[in-house]
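Right, one structure below, let's go through it.
Just so it is clear, none of the values below were taken in a lab; they were calculated from the coordinates. This structure is a prediction, so every number in the text was calculated from the model and none was measured. Virtual Cβ from ideal backbone geometry, glycine too; neighbours counted across all protein chains shown.
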């Protein structure tokens with residue numbers, strides 16, 4: 001069983017054609033479930049993207065292997081609150097995605113603080129894009145907002161040592177490793193420095209092929225208990241996911 | 001769980017285009033000794049590497065290149081293909097070193113513009129590109145392909161761009177259409193369709209497996225190639241056939 005907590009649904013603006021590639025990409029690596037955000041929602045129009053994703057996720061069939069993030073643009077709080085009220089009760093959306101760069105809302109910005117306080121009030125985890133030392137800012141903010149559970153997307157990318165410090169500083173902060181770069185030893189170093197219950201698996205598919213995260217995690221040679229926690233147990237607990245009745249990977 | 005080797009199967013890399021020995025003084029590791037680097041390659045069934053020296057890239061070209069030439073000469077199996085290095089901060093000396101490398105039958109030279117703080121528009125890059133092309137040397141270059149394609153254009157140069165990120169694949173492809181000698185490492189072509197798209201647009205003959213051992217995980221591009229939609233003969237070409245054509 002593998003759960004990908006950082007995935008996307010929809011087209012990208014780069015030279016690539018992957019809008020329909022979610023399930024095939026997952027199947028190549030034995031990924032059973034993925035939690036996706038709509039690329040349109042992340043990059044351009046949160047409300048329109050959330051709406052399109054909601055339609056796709058409620059269509060049934062193979063899409064049942066996908067769960068959704070409601071994407072929140074911290075600069076559009078009214079839209080965000082409306083979308084959270086509409087989509088979370090469907091059961092097909094299990095968390096919130098916030099991208100700091102596309103919305104020009106750094107973790108230290110007032111609108112990010114307000115947005116994450118809103119997310120906390122809805123009781124779902126938030127996946128927040130982090131890069132370099134911003135993961136420390138996220139840990140500090142998480143400490144300030146009661147009940148908030150956050151996933152540091154990319155676990156700071158090249159700032160993974162900051163991510164170790166961040167995870168040690170806030171017990172409601174989780175780390176997710178995806179990055180298109182894969183420096184030797186990065187995952188092993190984080191796994192050695194962080195409570196294994198705070199480690200998740202994410203790929204950034206369909207932007208990045210799961211080979212990057214899967215290969216980097218495989219190279220870390222985690223012990224079997226930690227590997228299982230990373231692969232799915234931590235994610236299932238964090239998101240309260242009903243596990244599918246299908247053979248383990 | 002996370003059984004990458006089951007996915008890689010029996011895929012072997014016959015020549016990895018991107019291998020370094022030596023260490024970066026501003027990083028904690030790895031140490032990059034030849035024995036440790038070759039050990040990592042063996043562990044991943046990478047049977048040979050195109051090896052360049054960080055000593056040459058960062059400090060002293062001649063002694064660094066001589067270390068790699070000596071390493072290649074002493075290997076009982078031909079698992080080290082020596083790659084020369086020149087310093088773009090010294091274009092006059094670089095031209096001399098290119099001549100020396102060519103006389104020593106070295107087939108390729110590697111450029112480190114990022115490490116050396118050299119931009120694509122600097123005269124030294126065009127100068128080295130011209131001299132390398134005239135000597136028939138294959139150039140392995142770091143740097144952003146969107147900028148570093150230009151100093152090599154119009155020279156009938158054979159170039160492998162080592163840092164092509166899938167974000168910039170489109171730029172590589174449109175440049176490569178006009179430049180039959182342009183190739184790219186697959187190291188960062190890790191979107192779900194980059195390899196397949198590149199093979200369809202310019203042919204798998206332009207793609208070379210590169211790992212950047214020991215600084216990156218060689219398993220990642222190996223896994224991407226093994227799970228790709230390329231035909232078996234294309235996979236074999238990317239896994240070393242193309243590199244052997246250019247470097248040996």
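Using r as the Cβ-Cβ distance of residue A:165 and residue A:237, and R0 as 22 Å, what FRET efficiency do you calculate, to the nearest 0.05?
0.40
Work out the FRET efficiency for residue A:44 and residue B:233 from their Cβ-Cβ distance, taking R0 = 45 Å, and round it to the nearest 0.05. It would help to have the intermediate numbers written out before the result.
Details: r = 41 Å, r/R0 = 0.92.
Rounded to the nearest 0.05, the efficiency is 0.65.
Arrange B:159, B:37 by Cβ neighbour counts within 10 Å, fewest through most, would you?
With the sparsest Cβ surroundings first, the list reads B:37, B:159.
Subtract the Cα-Cα distance of residue B:178 and residue B:24 from 0.36 nm times their separation in residues, and report this length gain in nm to one decimal.
Working it through step by step, the gained length comes to 51.9 nm.
If I model a spin label at residue A:113 and residue A:133 as a point 7 Å from the Cα along the Cα→Cβ vector, what separation in nanometres do I get?
Once both label points are built, they end up 1.9 nm from each other.
Obtain the radius of gyration and the Kirkwood radius of chain A from its C-alpha atoms and give Rg over Rh.
So for chain A, dividing Rg by the Kirkwood Rh gives 0.93.
Could you check the simple spin-label distance between residue A:85 and residue B:75, using points 7 Å along Cα→Cβ, in nm with one decimal?
6.7 nm
Give me the percent relative contact order of region B:124-196, please, defined on Cα pairs under 8 angstrom at least 6 residues apart.
Rounded, it is 29 percent for region B:124-196.
What average count of beta carbons from other chains do you get within 10 Å of the Cβ of residues in B:168-179?
Numbers: counts 2, 3, 3, 1, 1, 1, 1, 0, 0, 0, 0, 0.
Mean number of neighbouring Cβ atoms from other chains: 1.
In chain A, what % of DSSP beta bridges are antiparallel (nearest 5)?
Roughly 0 percent of the DSSP beta bridges within chain A come out antiparallel.
Cut-off 10 angstrom, C-alpha nodes, Gaussian network model of chain A. Which of A:227, A:166, A:78 fluctuates the most?
Result: A:78 has the largest fluctuation of those listed.
Label-point separation (nm) for residue A:221 and residue B:62, each offset 7 Å from Cα along Cα-to-Cβ?
4.2 nm
Can you pull the mean other chain C-beta count within 10 Å for peptide B:160-167? Intermediate values should be presented prior to the final figure.
Working: counts 0, 0, 0, 0, 0, 3, 7, 7.
Per-residue shielding by partner chains comes out at 2.
Run through every distinct alpha carbon pair of the protein assembly as shown and return the Kirkwood hydrodynamic radius in angstroms, one decimal place.
By the Kirkwood definition, the hydrodynamic radius is 23.5 Å.
Can you tell me, using C-alpha contacts under 8 Å and at least 6 residues apart, the relative contact order of region A:3-239 as a whole percent? Provide the component values of the computation, followed by the final result.
Working: 474 pairs, mean separation 43.9, N = 237.
For region A:3-239, the relative contact order is 19 percent.
Averaged over all directions, how much area does the convex hull of the C-alpha atoms of region A:135-249 cover when projected, in nm²?
7.3 nm²
Please report, to one decimal in angstroms, the Kirkwood hydrodynamic radius of region B:81-235 built from all distinct Cα-Cα pairs.
15.8 Å
Could you put A:26, A:155, A:16 in order, starting from the residue whose Cβ has the fewest other Cβ atoms within 10 Å?
A:16, A:26, A:155
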